[in-house]
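Undergrad: This structure is in structure tokens; I'll ask about it shortly.
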Amino acid sequence: MNLLLLLTLGTIWGASYLFIKVIVAEVPVLTLVAGRLTLAALTMWLILCTRGFSSPRSRRMWRAYALLGFMGLAVPYTLISWGEQYISSGLASLLQATTPIFTVILAHFLTNDERITLTKILGVIIGFVGVGILMLPDLRQGLQANLLGQLAIVGSSLCYAGTAIYARSWLRGQPPLVSASGQLTMGMVFMLPASLLIDRPFDLSPSPPVLVSWLVLTIMGTVVAYVIYFTLIERSSATFTTMVTYIIPVNGLTLGALVLNESLDVTMLGSLALILLGVLLVRT
């Protein structure tokens, strides 16, 4: 059952990049993110209320939620959505797989109990070689839109890595679903005003396919994915759950090629192999 949940989670998160690609064709980035966070936060609190959870009253916790909601949701969601305006959904999912590699680097400098080893250093090098192979053609052309899109995705991975380390110490002992709801709520607080002031979303008229993609991204890619993620952590272990890292880019590349007819060449497959090997080594 746990393996089925893990595969489901990897499929959902892998498909999220496809839905984002569809939505950004008609919806401004800030509005896309604000709508996703708002509906997800409201849905999560409805789930918590039906399960008898109460909202934290500690200002310390809400300060932590504010930081995690901004750096762990608002900023990376925005970077991913902005980046996918210029690169394929499959490439975005592949670059996102660098998150564990950044995590091991930051953990070495920001924590006392996760020191880097020679094996992990080798994993970091191999992972970055995989990323370099992807970016090299665009690096030769300078700061073009395609390269900036890739850098935005890598930046989102760096955000996820940093907030993961922060969350380990600040959210320890908190009910995971409550923490997720708090982060989604604070992410919404940051993004909703930005959307209203900058994008003026009330003038938008997205097509039905875009609206459906937006709804699926929010409910499945955010709410359901969070519930599955924390269920897996409770039922198995964090180590087992992080294996989803290997599933997401494979599904993202496959769905992008099958549904959106995105190119899938030998270079991308080689980079995928190197990045996943790097992730495997940094997890040892």
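Undergrad: Checking the a/c ratio against 1.5 first, then a/b against b/c, what shape does the Cα gyration tensor give for segment 154-269? Show your work: numbers first, answer last.
TA: Working: a/c = 1.82, a/b = 1.09, b/c = 1.66.
Oblate is the answer for segment 154-269, as a/c is 1.5 or above yet b/c matches or exceeds a/b.
Undergrad: I would also like to ask the following. Relative contact order (percent) for the chain, with alpha-carbon contacts under 8 angstrom and 6 or more residues of separation? Before the final figure, lay out the partial values.
TA: Numbers: 387 pairs, mean separation 125.1, N = 284.
Averaging sequence separation for qualifying contacts and normalising by length gives 44 percent for the chain.
Undergrad: Related question: Which entry in (1) -0.39, -0.91, -1.00; (2) -0.24, -0.89, -1.05; (3) -0.22, -0.81, -0.95 is this structure's computed log10 I(q)/I(0) by the Debye sum over Cα atoms at q = 0.07, 0.13, 0.14 Å⁻¹?
TA: After the calculation, the listed value that fits is (2).
Undergrad: Mind checking which of TRP13, ASN112, LEU32 is farthest towards the positive end of segment 1-112's charge dipole, using Cβ charges of +1 (Lys, Arg) and -1 (Asp, Glu) about the Cα centre?
TA: Value computed over the given set: ASN112.
Undergrad: Another question, then. Starting at the first residue of segment 93-99, write each ³J(HN,Hα) from the Karplus equation 6.51 cos²θ - 1.76 cosθ + 1.60 with θ = phi - 60°, in whole Hz, x for Gly and Pro.
TA: So the Karplus estimates, Gly and Pro as x, are 5, 5, 5, 5, 5, 6, 3 Hz.
Undergrad: Give, as a single signed number, the net charge of other residues whose beta carbon lies under 15 Å from the beta carbon of LEU95, with Lys and Arg counted +1 and Asp and Glu -1.
TA: On the way: positive: LYS21; negative: GLU84, ASP138, GLU262.
With Lys, Arg at +1 and Asp, Glu at -1, the neighbours total -2.
Undergrad: Going by Cα centres, segment 189-207 and segment 240-284 are how many Å apart?
TA: 33
Undergrad: Listing VAL210, VAL29 from the residue with the fewest other Cβ atoms within 10 Å to the one with the most, what is the order? Write down the numbers at each step before the final one.
TA: Working: VAL210 19, VAL29 24.
Taking fewest neighbouring Cβ atoms as first place, the list is VAL210, VAL29.
Undergrad: What list do you get for THR103, THR38, THR117 if you sort them by fewest beta carbons within 10 Å?
TA: Working: THR103 23, THR38 19, THR117 13.
Final ranking by Cβ density, sparse to dense: THR117, THR38, THR103.
Undergrad: Taking square-rooted eigenvalues a ≥ b ≥ c of the alpha carbon gyration tensor, is segment 78-204 rounded, prolate or oblate, where a/c under 1.5 means rounded and, failing that, a/b exceeding b/c means prolate?
TA: Numbers: a/c = 2.86, a/b = 1.06, b/c = 2.71.
Here segment 78-204 falls in the oblate category.
Undergrad: What ranking do SER157, SER93, SER54 get, fewest neighbouring Cβ atoms within 10 angstrom at the top? Mind showing how you got there, number by number?
TA: On the way: SER157 22, SER93 29, SER54 9.
Taking fewest neighbouring Cβ atoms as first place, the list is SER54, SER157, SER93.
Undergrad: On to the next question. Using each residue's phi in segment 77-87, evaluate 6.51 cos²θ - 1.76 cosθ + 1.60 at θ = phi - 60° and report the 3J(HN,Hα) Karplus result to the nearest Hz, with x for Gly and Pro.
TA: 4, 5, 4, 5, 5, 5, x, 6, 5, 10, 10
Undergrad: Which value, in debye to the nearest 20, describes the size of the charge dipole of segment 2-282 about its Cα centre when Lys and Arg Cβ atoms bear +1, Asp and Glu Cβ atoms bear -1, and nothing else is charged? Provide the component values of the computation, followed by the final result.
TA: Values: 14 positive and 10 negative charges, 191 e Å.
In debye, rounded to 20, segment 2-282 gives about 920.
Undergrad: While we're on this one: Using a/c under 1.5 as the rounded threshold, could you call segment 141-210 rounded, prolate or oblate? The axes a ≥ b ≥ c are square roots of the C-alpha gyration tensor eigenvalues, and prolate needs a/b larger than b/c, oblate otherwise. Walk me through the intermediate numbers first.
TA: Details: a/c = 2.58, a/b = 1.25, b/c = 2.06.
Oblate, because a/c is 1.5 or more while a/b does not exceed b/c.
Undergrad: Now a separate question. Report, largest value first, the span of the C-alpha coordinates of segment 47-119 along each principal axis, in whole Å.
TA: Result, largest extent first: 41, 38, 21 Å.
Bear in mind that the values in this text are calculations on the coordinates, not laboratory data. Predicted model only: the values in this text are computed from it and were never measured. Heads up, the Cβs are rebuilt from the backbone with ideal geometry, glycines too, and the neighbour counts pull from every protein chain shown.
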